[in-house]
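Below: the structure, in structure tokens.
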Amino acid sequence: MSVDSIIRDSATSRRGLRWWNLLVRELEVFIRASFGSVFSREFLTVLIPLLILWELLPRAGIVPQTLVPPPSAVITTFRDMVVDLNMLEHLKSSAIRFGAGFLLALVTAFPIGVLMGWNLFIRKHCLPLFQILAPVPPPAWVPITIILFGVGLPMQIFLIFLGVFYPILFNTYQGIKETDPRYLASARVFGASEFTLITRVYIWHALGSVIMGIKIGIALGLIMLVIAEMYGGRSGLGWLLLEAKEYFQIDRMVVCMVLLGFIGWFLIEIMKYIELKLAVWRIGR
Amino acid sequence: MIEARRISKFFSVVNDDRTAEGFTALNSVSLRIESGSFVSLLGPSGCGKSTFLEILAGLQAPSDGQVWIDDKLVLEPLPATRKDMEEYRKKYRFLSPIANSLFRDNPKHDIAMIFQDYAVFPWMTARQNVLFTLKLRGVQKSEREGAAAHYLRLVGLTGSENKYPSQLSGGMRQRLALARALSVEPRIILMDEPFAAVDALTRERLQEDLLRLWQETKKTIVLVTHDVDEAVYLSDEVVVFSPLPGSIRNKVTVDIPRPRRRSSREIRVIKERLLAMYRFDTVHESDYSI
């Protein structure tokens, strides 16, 4: 082996190591920021008594155990569901639906919101349409969507899209519209084109409200995920929830609810992390 | 050379009782600023001097009159009739008249502007702020880093390159704004009360720095201020604005040789004259209003 190749090898391995270290460090930051707030000493003093209460009340027979399954039962049910019901498959199909609907909404709502905030002409032509359509509650779209798309993936994706679309659209639009004119003026004097203004000034100024919109979008999207799966589909968390209702399996319902709650919380924590990484400049304020 | 010809600016304001009213911010202001000179626009708050500066920079269209910078028209005035206004709106449907272009970064005039509250971008570090303006002026990518370091050193910000504006003090933020303005090598720098928001000690140091940079580079500087000391100490010519409606009341040439001393007798005399002029204005205010 020549000296060159050794040096190159050591360089690549070092780079590999550095990349690995960076990943580990970022994961640490993320976990500390997300789980840290749940497992903080202050919150544990609330959480542990609550869990104990939840465990003891049904066991002591103060509330009927058939209606309120204690946490220990929920955990065993969860294990059973993973083994017997192919829970991971259901989770996967839910994730695919949610991801597709969410991404579709993001790539459409964000540019439209930016354009509407940027230009008065476009705003006056498009905004009233969205203002009329947005107040229609997304679940009200279910019947017509089933007729148009049939029962299946397109219908589910469309329903989730509807839930995520408007919060992102309106928050992006508001954030862009409220961009401080001083920043625009100072960039214009230096000769910034409108495109540069959008990519370097507007979007950064609106970043906070865009992420806020995405967070609201995630919450609404999860609602629509459950609704879509309840109305059409043979898989997914919403469907499992409905199945459990048919057979009066309250422990399974609780497992599904806890899982949905956890997924929502986790996605919001991811958004918080992204915000933290993108908006470093806000920290000092 | 900057030449403002009979600039007027009218606003319509809506009162509390929902009646509309015309408001004249600037009334037929004509001014000629020679290249390489340091001119101060002095006046109390709300006399339209900041509006005038924004019209010079092309950030607002005047209602009437024209601004020429080096024999190039800055912005066409707003149309006067309703029909013309509709056409004007239609013409600037997608790109407002103050926009440069849709995709190409290119300033219309060789101007840099410094704002009262700095307006440096809080989402960029000091270095990135300067790099950004260098990029806008089309400096080669390989030269940008070196140039940014040079201009940050020029204003004494070495060591704070990677700080965000929120981590800088007010004086340092103003220095950053100055570095950003100098980095594009403009021929004209417009300053809108740049030292109003910093403390007195920092202000004096910033003024010294500004004078040094002006003498080194011989740029045209137009400074808007309400501080009489600052105007007299720094500038070649003081243009006195008076409010209601904003117009030029007087021009005072300050031909005191540099370097000047802040407490010298000549400066005090000119200052007294300006203050007396202003006092006369406020006492005889009713004489000017129609």
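The values are calculated or read from the model by the stated rules, or taken from the named source; none is laboratory data. Given the structure is predicted, the values throughout are model-derived calculations rather than measurements. Please note: Cβ atoms are built from the backbone with ideal geometry, for glycine as well, and neighbour counts cover all protein chains shown.
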Condition check: within 15 Å of A:Ile168 (Cα to Cα) and either small (Gly, Ala, Ser) or modelled with pLDDT of 90 or more (or both). Does A:Ile147 satisfy that?
no
Filter the stretch A:115-141 for residues that are in a helix (DSSP H, G or I), more than 14 Å from every other protein chain (Cβ to nearest Cβ) and aliphatic (A, V, I, L, M) and give the result.
A:Leu127, A:Leu129, A:Ile132, A:Leu133, A:Ala140
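Only one residue in A:Thr45, A:Thr76 is at pLDDT 85 or above, farther than 16 Å from A:Phe262 by Cβ and surrounded by 11 or more Cβ atoms within 10 Å (Cβ to Cβ). Which one? Give the steps one after another, and end with the answer.
Numbers: A:Thr45 fails: surrounded by 11 or more Cβ atoms within 10 Å (Cβ to Cβ).
Residue meeting the stated conditions: A:Thr76.
Find the residue count for the stretch B:68-104, including only residues that are more than 7 Å from chain A (Cβ to nearest Cβ) and either part of a loop (DSSP other than H, G, I, E, B) or over 25 Å from the mean Cα position of the chain (by Cα) (or both).
Filtering the stretch B:68-104 for residues more than 7 Å from chain A (Cβ to nearest Cβ) gives B:68-92, B:96-97.
The next check asks that each one be either part of a loop (DSSP other than H, G, I, E, B) or over 25 Å from the mean Cα position of the chain (by Cα) (or both); those that pass are B:70-71, B:74-92, B:96-97.
Total meeting the criteria: 23.
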Taking the stretch B:152-171 and keeping residues surrounded by fewer than 22 Cβ atoms within 10 Å (Cβ to Cβ) and assigned to a helix (DSSP H, G or I) leaves B:Arg153, B:Leu154, B:Ser166, B:Gln167, B:Gly170, B:Gly171
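So how many residues does the stretch A:231-263 have that are among the aromatic types (Phe, Trp, Tyr) and crowded, with 20+ Cβ neighbours inside 10 Å?
So the first thing to find is which residues in the stretch A:231-263 are among the aromatic types (Phe, Trp, Tyr), and the list is A:231, A:239, A:247-248, A:262.
Checking the rest, the ones that are also crowded, with 20+ Cβ neighbours inside 10 Å come to A:239.
Within the stretch A:231-263, residues that are among the aromatic types (Phe, Trp, Tyr) and crowded, with 20+ Cβ neighbours inside 10 Å number 1.
Any idea which of A:Ala219, A:Ala206 is within 20 Å of the chain's Cα centre (by Cα) and within 14 Å of chain B (Cβ to nearest Cβ)?
Working: A:Ala219 fails: within 14 Å of chain B (Cβ to nearest Cβ).
That would be A:Ala206, the only listed residue that is within 20 Å of the chain's Cα centre (by Cα) and within 14 Å of chain B (Cβ to nearest Cβ).
Just for the stretch B:105-114: of the residues that are facing chain A (nearest Cβ under 7 Å) and surrounded by 23 or more Cβ atoms within 10 Å (Cβ to Cβ), which one is nearest to the chain's Cα centre (by Cα)? It would help to see each step written out before you state the result.
The first filter runs over the stretch B:105-114 and keeps only residues facing chain A (nearest Cβ under 7 Å), leaving B:105-107, B:111-113.
Subsequent filtering for residues that are surrounded by 23 or more Cβ atoms within 10 Å (Cβ to Cβ) retains B:111-113.
Working: B:Ile111: 10, B:Ala112: 9, B:Met113: 6 Å.
Step by step, filter the stretch B:105-114, then rank; the result is B:Met113.
Results for (1) assigned to a helix (DSSP H, G or I); (2) surrounded by 21 or more Cβ atoms within 10 Å (Cβ to Cβ); (3) within 13 Å of chain A (Cβ to nearest Cβ); (4) touching a strand residue (DSSP E or B) at 6+ places or on another chain (Cβ under 9 Å), shown as yes or no for each residue.
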site: B:Arg205; (1), (2), (3), (4): yes, no, no, no
site: B:Asp209; (1), (2), (3), (4): yes, no, no, no
site: B:Leu223; (1), (2), (3), (4): no, yes, no, yes
site: B:Val232; (1), (2), (3), (4): yes, yes, no, yes
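If you go through the stretch B:66-84 one residue at a time, do you hit one that is more than 27 Å from B:Thr217 (Cβ to Cβ), in contact with a helix residue (DSSP H, G or I) (Cβ under 6 Å, 6 or more places away or on another chain) and surrounded by 20 or more Cβ atoms within 10 Å (Cβ to Cβ)?
Within the stretch B:66-84 (the criterion being more than 27 Å from B:Thr217 (Cβ to Cβ), in contact with a helix residue (DSSP H, G or I) (Cβ under 6 Å, 6 or more places away or on another chain) and surrounded by 20 or more Cβ atoms within 10 Å (Cβ to Cβ)), the answer is no, since none of the residues qualifies.
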Within the stretch A:239-256, tally of residues that are in contact (Cβ under 8 Å) with a residue 12 or more places away in the chain and more than 14 Å from A:Ala73 (Cβ to Cβ):
5
Somewhere in the stretch B:96-105, is a residue aromatic (Phe, Trp, Tyr) and touching a His at 6+ places or on another chain (Cβ under 9 Å)?
no
Restricting the stretch B:156-174 to residues that are more than 9 Å from every other protein chain (Cβ to nearest Cβ) and hydroxyl-bearing (Ser, Thr, Tyr), which is nearest to B:Ala200 (Cα to Cα)?
B:Ser169
Are any residues in the stretch B:172-199 in contact with an Asp or Glu (Cβ under 8 Å, 6 or more places away or on another chain), touching a residue at least 40 places away in the same chain (Cβ under 8 Å) and part of a helix (DSSP H, G or I), and if so, which ones?
B:Leu178
If you check A:Gly191, A:Gly213, A:Gly236, which single one turns out to be of a type outside the set (Val, Ile, Thr) and within 14 Å of chain B (Cβ to nearest Cβ)?
A:Gly191
Residue that is modelled with the highest pLDDT [pool: residues in the stretch B:243-275 that are loosely packed, with under 14 Cβ neighbours inside 10 Å and of a type in the set (Gly, Ala, Ser)]:
B:Ser264
For the stretch B:132-147, which positions are part of a helix (DSSP H, G or I) and either out of contact with any Ser or Thr (no Cβ under 9 Å at 6 or more places or on another chain) or within 9 Å of another protein chain (Cβ to nearest Cβ) (or both)?
B:Phe132, B:Thr133, B:Lys135, B:Leu136, B:Lys141, B:Ser142, B:Glu143, B:Arg144, B:Glu145, B:Gly146
State yes or no: is A:Ser186 farther than 19 Å from A:Ile274 by Cα and in contact with a Ser or Thr (Cβ under 7 Å, 6 or more places away or on another chain)?
no
